[in-house]
């Protein structure tokens, strides 16, 4: 026969055990999600995307693409072939080193991107506006 103590504390112990299991599962899931979000590869991708977007929309488009807007045949060719590569070192140093402070995001212990090989290719798309493009990223990181 079970004691009175056992009858009183058994449901509480069961609830505590279930709570510990749920908290443990949530902690493991949170840890996995955080490590995936903060992995060096993801940080590099986010930073590269941010810098490349700023480069094309606020610098490259104003200085180069607008010259071609009256030459639709050239833009149609560039839509298929893309503009020449823009290397990571160029992205970090254009416009008087605007993004030079982002360089540490491409160098981690055991994971570094080669600034002379990592690049992006921009492809203008119809109607050839400031935000009408697609970007193709090529990473050389180890």
Regarding the range 131-139, can at least one residue be identified that is farther than 27 Å from residue 37 by Cα, modelled with pLDDT of 90 or more and surrounded by 13 or more Cβ atoms within 10 Å (Cβ to Cβ)? yes
When you check residue 40 against the structure, is it surrounded by fewer than 15 Cβ atoms within 10 Å (Cβ to Cβ) and either at pLDDT 90 or above or touching a strand residue (DSSP E or B) at 6+ places or on another chain (Cβ under 9 Å) (or both), yes or no? no
Checking the conditions here, which among 75, 91 is closer than 20 Å to residue 140 by Cβ, in contact with a strand residue (DSSP E or B) (Cβ under 9 Å, 6 or more places away or on another chain) and either surrounded by 10 or more Cβ atoms within 10 Å (Cβ to Cβ) or assigned by TED's automatic domain parsing to the domain that holds residue 123 (or both)? 91
Out of the residues in the range 101-130 that are assigned to a helix (DSSP H, G or I) and exposed (fewer than 13 other Cβ atoms within 10 Å of the Cβ), state the one that is farthest from the chain's Cα centre (by Cα). 101
Scan 58, 63 and give me the residue that is in the same structural domain as residue 119 (by TED's automatic domain parsing), within 20 Å of the chain's Cα centre (by Cα) and either part of a loop (DSSP other than H, G, I, E, B) or without any contact (Cβ under 8 Å) to a residue 40 or more places away in the chain (or both). 58
Based on this model, can you work out whether residue 50 counts as surrounded by 13 or more Cβ atoms within 10 Å (Cβ to Cβ) and either in contact with a strand residue (DSSP E or B) (Cβ under 9 Å, 6 or more places away or on another chain) or in a helix (DSSP H, G or I) (or both)? yes
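Yes/no matrix, rows are residues, columns are (1) modelled with pLDDT under 80; (2) under 19 Å from residue 110 (Cβ atoms); (3) in contact with a helix residue (DSSP H, G or I) (Cβ under 7 Å, 6 or more places away or on another chain):
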| residue | (1), (2), (3) |
| --- | --- |
| 30 | no, no, no |
| 49 | no, no, no |
| 54 | no, no, no |
| 60 | no, no, no |
| 68 | yes, no, yes |
| 72 | yes, no, no |
| 75 | no, no, yes |
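The values are calculated or read from the model by the stated rules, or taken from the named source; none is laboratory data. Because the structure is a prediction, the values reported are computed rather than measured. Please note: Cβ atoms are built from the backbone with ideal geometry, for glycine as well, and neighbour counts cover all protein chains shown.
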